[in-house]
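Peer 1: Can you read through this structure? Questions will come right after.
Please treat every number below as a calculation from the coordinates, not as lab data. Computed from a predicted structure; not experimentally measured. All Cβ positions, glycine included, derive from the backbone under ideal geometry; neighbour counts span all protein chains shown.
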Amino acid sequence: MQTERLEARASASLLLRSRVGVVVPKYRRNIVDRNRTKRRLRELARKRILPVAERIDVLLRAKPEAYSASFNQLAVEVDAIAQWAVGIAPH
């Protein structure tokens, strides 16, 4: 799934729990911006994807637009990804 600022991939987990991975490429940005974006995405995933997804692995990859996005803008996109991931989770 792709949103304006994020790409997401999901697959059924072999474990009894869900996992989320976050990838933030450099895109010629400084490490402070990159770490801030990673922290935001990890927090959003922890609060919005993990509680609703069961036995699914989700990978979030930031696009260059994610660096300049606000926390709330990223939250809207992570919510959409969470709903998508729940729809493909094994039952």
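Peer 1: Counting other beta carbons within 10 Å of each Cβ, put Glu65, Glu77 in order, fewest first.
Peer 2: By the 10 Å Cβ count, ascending, the order reads Glu65, Glu77.
Peer 1: Only counting other Cβ atoms within 10 Å, I'd like Ile88, Ile81, Ile56, Ile31 sorted with the fewest neighbours first. Kindly include the intermediate steps, with their values, before the conclusion.
Peer 2: Details: Ile88 13, Ile81 25, Ile56 22, Ile31 8.
Starting with the residue having the fewest Cβ neighbours, the order is Ile31, Ile88, Ile56, Ile81.
Peer 1: Can you sort Arg42, Arg17, Arg5 from fewest to most other Cβ atoms within 10 Å of each residue's own Cβ?
Peer 2: Ranking Arg42, Arg17, Arg5 by Cβ neighbours within 10 Å, fewest first, gives Arg17, Arg42, Arg5.
Peer 1: If I take all pairs of Cα atoms in the chain, what percentage of them are more than 22 Å from each other?
Peer 2: Distances greater than 22 Å cover 22 percent of the Cα pairs.
Peer 1: Tally Lys/Arg at +1 and Asp/Glu at -1 over every other residue whose Cβ is under 13 Å from the Cβ of Arg9; what's the total?
Peer 2: Value of the local net charge: 0.
Peer 1: For the stretch 6-88, build the charge dipole from Cβ charges (+1 Lys, Arg; -1 Asp, Glu) around the Cα centre, then report which of Gln73, Gly87, Asn35 sits farthest towards its positive end.
Peer 2: Positive-most Cα among the choices belongs to Asn35.
Peer 1: Grab the Cα-Cα distance for Leu50 and Ser70, subtract it from 0.36 nm times how many residues apart they are, and report the gain in nm with one decimal.
Peer 2: Here the answer is 5.1 nm.
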